[in-house]
Structure formats: C-alpha cells, structure tokens
1. How far apart, in nm, are the 7 Å Cα→Cβ label points at LEU101 and ALA13?
2. Roughly how many nanometres apart are two label points built 7 Å out from the Cα toward the Cβ at ALA144 and THR21?
3. Give the long-range amide H neighbours of GLU91: residues separated by 5 or more places, or on another chain, with amide H under 5 Å away, using H modelled in the peptide plane at 1.01 Å from N.
4. Can you give me the distance in nm between label points at TRP46 and SER163, each placed 7 Å from the Cα along the Cα-to-Cβ direction?
5. Do any GluC sites (Glu not before Pro) in the stretch 1-105 lie in a loop, going by DSSP, with at most 16 other beta-carbon atoms within 10 Å of their beta carbon, and if so which?
6. How many angstrom lie between the Cα centre of the stretch 1-38 and the Cα centre of the stretch 150-171?
7. Going by how many other beta carbons lie within 10 Å of each one, how would you line up ARG166, ARG70, fewest first?
8. Note the full-extension length gain between ALA116 and THR67 as 0.36 nm times their separation in residues minus their Cα-Cα distance, in nm to one decimal.
Amino acid sequence: MLTVRAMTEADVAAVSAIRVTGWKAAYAGIVPQSHLDGMTIEADTWQRRQHFKRSKERTTNLVAAGTLGRVVGWACFGPFRGTGTGATTGELYALYVQPSLIGSGIGRTLLEAVHAHAVTHSFDLVLLWVLNENTTARRFYERAGYVADGAVQADDYDGVSVSAVRYQRSL
C-alpha cells in the first residue's frame, strides 16, 4: 500500500538517498560522470536538511511511503522561480522515485498529489524543467498531460553545459 504525506525532517536522509541514486541512474551518460561520482548521500542529506528548514513556508515537500512506512519517492514544488508568469503559476522542482521501483506507479501517484496540493495553493499552471536528453522523464510528463512550451535553459556540470526544456500543464 502506498501513501503520500507531507515530508518531515525525519524523512530527509531517505529522500537524499532516493535523490542521489535517482540522479546516478537517470543522468548517467547525460551529466558528466565526474559530477555524478562526486554526489554523496551524506552531503545531500546535509544540504537537503538545511533547505528543508529554510523553505517550509514556500515549498511543499511530499513523500510516498510504501510498506512499513518506508519512503520510496519524493516530490517538491512551490511558486515558479522564474519571471514572466503570474502568482498562480507553480513549479515542480523535483520528483524522484527509488530507481528500482520506477514504473510501479509511485511517480504518477506523487504527481497526482502534487497537482491536488497545487490547486489548494491556488496554482492553475505547473511548470517544470527536464534535461533535454532525459527521454524517460520527458515521456512520463507528456503522458501526464505536460507539453514543452519552447523555453530552454542550460546548467553547467563540471564544465559541461547540459540543456533542459520546460514543460507546462494547466490544472
């Protein structure tokens, strides 16, 4: 049985483990291996704990918990961080599922919970960024009704520029 609930500080280490293993699985061959090799669960836990404490008022963190309450997925969203949109635009900052469980419906369940929470926060549009070469994630979001809106950006990972495309979905 899967439940989605608000993340607590006690969930931070589990979320970091999912995030780091998720990066290493999803971005191999997309992001330089040196960057992925430099990621550690311990460092991410410290960083995530600081972020969690600072952003409680403006960011919503949800976790999917499976058998015995074990955290198997995480989603984070809040107001859109860019410019040119109104106050009713939200952004999905992150959505990760334990890599061994991808395809089991956890991501879809988390995304549906994000949409429900976004509506309660008066968002009528949700934006998100996906690495251009992450075709698995792009297909996932497209099946959930998201469409690429033409915006692109690039981030630097160990001196390598990696492009991302923006998707949007009306709620």
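1. Calculated label separation equals 1.8 nm.
2. 2.0 nm
3. GLY78, PHE80, LEU127
4. Result: 3.6 nm between the two label points.
5. Taking the stretch 1-105 and a limit of 16 other Cβ atoms within 10 Å, the loop GluC sites (Glu not before Pro) found are GLU57.
6. Rounded to whole Å, the Cα centres lie 19 Å apart.
7. ARG70, ARG166
8. Going from the current span to full extension adds 15.3 nm.
All of the numbers you see were taken from the coordinates with simple rules; none came from a lab. All figures in this text were calculated on a predicted structure; none of them were measured in a lab. As a convention, Cβ positions derive from the backbone with ideal geometry for all residues, glycine included, and neighbour counts pool all protein chains shown.
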